[in-house]
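Throughout, read-outs are computed from the coordinates displayed, never taken from laboratory work. Quick caveat: nothing in here was measured; it's all calculated off a predicted structure. Positions of Cβ are backbone-derived with ideal geometry, glycine not excepted, and every protein chain shown enters the neighbour counts.
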Amino acid sequence: MSQEWLIAIGLFMVFEGLMPALFPKIWKKTMTEAIKNPDSQLRIIGIISMLIGLAWIYFVK
């Protein structure tokens, strides 16, 4: 695995850990609300998030 991929995975982990580390009560409330949503809505949110991420990488690169 290239060094860039390892850095990207590390950054992903840092960003994923920010909310529970800085705002644990808000994060727990958000996760509780998220599990109430139907799978289809969560799937759409995930796809939109991936597309935004891909666009970000494309335009930053």
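Calculated FRET efficiency, residue 52 to residue 3, Cβ-Cβ distance, R0 = 25 Å: about 0.50 to the nearest 0.05. Here each label is just a point 7 Å from Cα along the line to Cβ, and for residue 39 and residue 25 those points are 3.5 nm apart. Taking every full run of DSSP H in the chain, the ones that stretch at least 18 Å from end to end by Cα along their long axis and average 0.5 or higher on the Kyte-Doolittle scale are 3-22, 39-60. Remark: the chain projects, on average over all directions, an area of 5.5 nm² (convex hull of Cα atoms).
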